[in-house]
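The values are calculated or read from the model by the stated rules, or taken from the named source; none is laboratory data. Because the structure is a prediction, the values reported are computed rather than measured. All Cβ positions, even for glycine, are placed from backbone atoms using ideal geometry, and neighbour counts span all protein chains on display. We work out accessible area using only protein heavy atoms, side chains counted, and drop any ligands, DNA or RNA first. Shrake-Rupley method; radii C 1.70, N 1.55, O 1.52, S 1.80 Å.
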Amino acid sequence: MTQATLTRKDFLSVLDLDATDLERCLHLAAQLKADRALGRLAPTADALNGRHIALLFDKPSLRTRTTFEIAVRELGGHVVGLQPDVALGTREPVADVARNLERWVDGVIIRTFSQDVLKDFAAAARRLHVVNALTDEEHPCQALADFLTLQERFGQCRGRTIAYVGDGNNVATSLAHAASMLGVHVHIASPEAYQLPHTVVQQATSVARHGARLRLFSDAADAVAGADAVYTDTWTSMGHEDEAELRRRIFAPYQVNEDLMALAKPGALFMHCLPAHRGEEVTADVFESEASVVFDQAENRLHGQKALLLMLLAPTTPL
Ligand code: CP
C-alpha cells in the first residue's frame, strides 16, 4: 500500500511540488485513471469523506471547472460552486473572502487574473487548501494533464523534447516548470515581445534535473526541429481580447501546420490545452490528425486533478 503524501498546503504553482511529489502525482493519476472503472468500489471513492470544496472562477472555463467538479464528487466530497459575483477583491477584500470560506470549506479551487491575488488569498487562510485553476501567470493543473498524456505515450519522458510554439504565457510557464523537474527539454518559440518571462527561465533552470534544458527561439522551425511533441495555445489569452487582431498578425508565422509538424521527429505528437482556434494557432488538419492528443490532455485533466486533491486533502488515503 502507498500513501499520497504531500506536505504543502496549496498548489499555486508547479514549483509548489518537488520533483518527487510531481512524479508521485503523475503515478497516482495513472492509477486513479485505471481505477475509475470501479466507480464507487474504487479505493479512493470516499477519500474526501463528505468534505466541501469551493470553486471560485473569475474567468470562463469548460475543462477545468467540469473536471474539478467531477474529481471532488468521485473522491467523495461536495462541490460548492461560488457565483461570479464573489469576484476576488471587487466586493470585499481578498483576505476577507478567504477568511470566510475557511470557516465552511476545506479547499478552494480558484481561477482568477493575478497570481499575487491567489497568493494573498492562500496566505490569509491558514486552514484552507488553495489550488490554482489558472492565473494570468501560471496554469499548473494543465501541466499535470500534459505530462500524464506524454507519460502514457512515451512511458519514460526523461530526455524527450517538447517544442512549444506561440505565446510565452501561463501554459508555457507551467509546462517549462514541470518539464525541467521531470528531465524533459523544452524549446519555446515566440515573437520577441511574447517570450517566456526571464524569471520563469530562471525558475525552470533552478529546478532542472537530469540535464533538462530550456531554450528560447524566435523561429518556430528551429524550435520544432527534431522535437518529440509540438505544443501550442491560443494567441490571445483571456484578458487580452482587445489585442486579438494585432496578435493574429504578429503570431501568423507561429501557426502549427503540416509543414511545421514535418520538421519534428517522425511520429511527433501535437498538443494543445484547448480551446483551439483552427486556422489561427493550428490548422484543422493538424488538430484532427493522428498526431493530435488534445482530447487525451482534456481527459487527463480529471485524473491529474484527482491525484492532486488526494495529495493535498487526503494524503493518508491507503491506495
Ligand atoms: N485548458 C483549460 O484550462 O480549459 P478551460 O479554460 O476550458 O478550463
Relative contact order (percent, whole number), the chain, Cα cutoff 8 Å, 6+ residue spacing:
22 percent
For helix 115-124, what angle does its Cα long axis make with the longest principal axis of the chain, in degrees from 0 to 90 and rounded to 10?
20 degrees
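Could you look at segment 200-256 and say what percent of its accessible area is carbon and sulfur, using a 1.4 Å probe and all protein chains? Walk me through the numbers on the way to the answer.
On the way: 1340 of 2780 Å².
Roughly 48 percent of what the probe reaches on segment 200-256 is carbon or sulfur.
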Using the Karplus curve 6.51 cos²θ - 1.76 cosθ + 1.60 with θ = phi - 60°, work out ³J(HN,Hα) for each residue of segment 82-97 in order, rounded to whole Hz, and write x for Gly and Pro.
6, 6, x, 6, 7, 2, 5, x, 8, 8, 7, x, 3, 5, 6, 4
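Taking only the Cα atoms of segment 119-231, how large is their convex hull per residue, in Å³? Numbers along the way, then the final one.
Details: hull volume 12.4 nm³, N = 113.
So the per-residue Cα hull volume is 109 Å³.
If each residue of separation counts as 0.36 nm, what is the full-extension length gain between Asn49 and Thr205 once their alpha-carbon separation is subtracted? Display every interim value, and only then the final one.
Working: separation 156, 0.36 × 156 = 56.16 nm, distance 3.96 nm.
Gain on extension, Asn49 to Thr205, equals 52.2 nm.
Just to confirm, what accessible area per residue do you get for segment 112-198 at 1.4 Å probe, in whole Å²? Don't jump to the answer; show the numbers that get you there.
Values: 2650 Å² over 87 residues.
The answer is 30 Å² per residue.
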For the charge dipole of segment 78-129, defined by +1 on Lys and Arg C-beta atoms and -1 on Asp and Glu C-beta atoms about the Cα centroid, which residue among Val79, Val117, Thr90 has the Cα displaced farthest towards the positive pole?
Val79
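State to the nearest 20 debye the size of the charge dipole of segment 185-319 about its Cα centre, where the only charges are +1 on K and R beta carbons and -1 on D and E beta carbons. Intermediate values should be presented prior to the final figure.
Numbers: 10 positive and 18 negative charges, 141 e Å.
So the magnitude is around 680 debye.
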Correct response: the longest run of the chain lacking exposed trypsin sites (Lys or Arg not before Pro), defined by DSSP loop and at most 15 other Cβ within 10 Å, is 214-319
Among Phe217, His277, Val293, which residue has its Cα furthest toward the positive end of the charge dipole of segment 205-305, with +1 on Lys/Arg Cβ and -1 on Asp/Glu Cβ?
Phe217
Heavy atoms of Cys273: accessible area, 1.4 Å probe, square angstrom to 10:
10 Å²
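Given +1 on the Cβ of Lys and Arg, -1 on the Cβ of Asp and Glu, and no further charges, what dipole in debye does segment 1-130 carry about its Cα centre, rounded to the nearest 20?
Numbers: 18 positive and 17 negative charges, 51 e Å.
The dipole magnitude comes to about 240 debye.
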If you stretched the chain out fully between Arg103 and Arg153, how much longer would it get, using 0.36 nm times the residue separation minus the C-alpha to C-alpha distance?
13.7 nm
Volume per residue of the C-alpha convex hull in segment 79-154, rounded to whole Å³:
108 Å³
Quickly work out the Asp219-to-Arg278 label distance, labels modelled 7 Å from Cα along the C-beta direction, and quote it in nm with one decimal.
3.1 nm
Can you compute the equivalent ellipsoid semi-axes for segment 1-148, i.e. the square root of 5 times each eigenvalue of the Cα gyration tensor, sorted largest first and rounded to whole Å?
25, 17, 15
Express the relative contact order of segment 1-90 as a whole percentage, based on alpha carbon pairs under 8 Å and six or more residues apart in sequence.
26 percent
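Under a Cβ-only charge scheme (Lys and Arg +1, Asp and Glu -1), can you give me the dipole magnitude of the chain about the Cα centre, in debye to the nearest 20? Intermediate results must be reported in sequence, preceding the final value.
Working: 31 positive and 41 negative charges, 237 e Å.
The dipole magnitude comes to about 1140 debye.
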Can you list, bin by bin at 20 Å, the percent of alpha carbon pairs in the chain, starting at 0?
34, 58, 8
Compute the Cα gyration tensor for segment 186-272, then decide on rounded, prolate or oblate, letting a ≥ b ≥ c be the square roots of its eigenvalues: rounded whenever a/c is under 1.5, prolate when a/b is larger than b/c in the other cases, and oblate in all that remain.
oblate
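For the chain, what does the helix formula give at 222 nm: sum of -39500 (n - 2.57) over DSSP H segments with n ≥ 4, over the residue count, nearest 500 deg cm²/dmol?
Values: 12 runs with 126 residues, N = 319.
Counting only the DSSP helices, I get -12000 deg cm²/dmol.
Can you pull the percent of segment 52-156's accessible area that's carbon plus sulfur, 1.4 Å probe, other chains left in place?
Values: 2190 of 4490 Å².
Here carbon and sulfur together make up 49 percent of the probe-accessible area.
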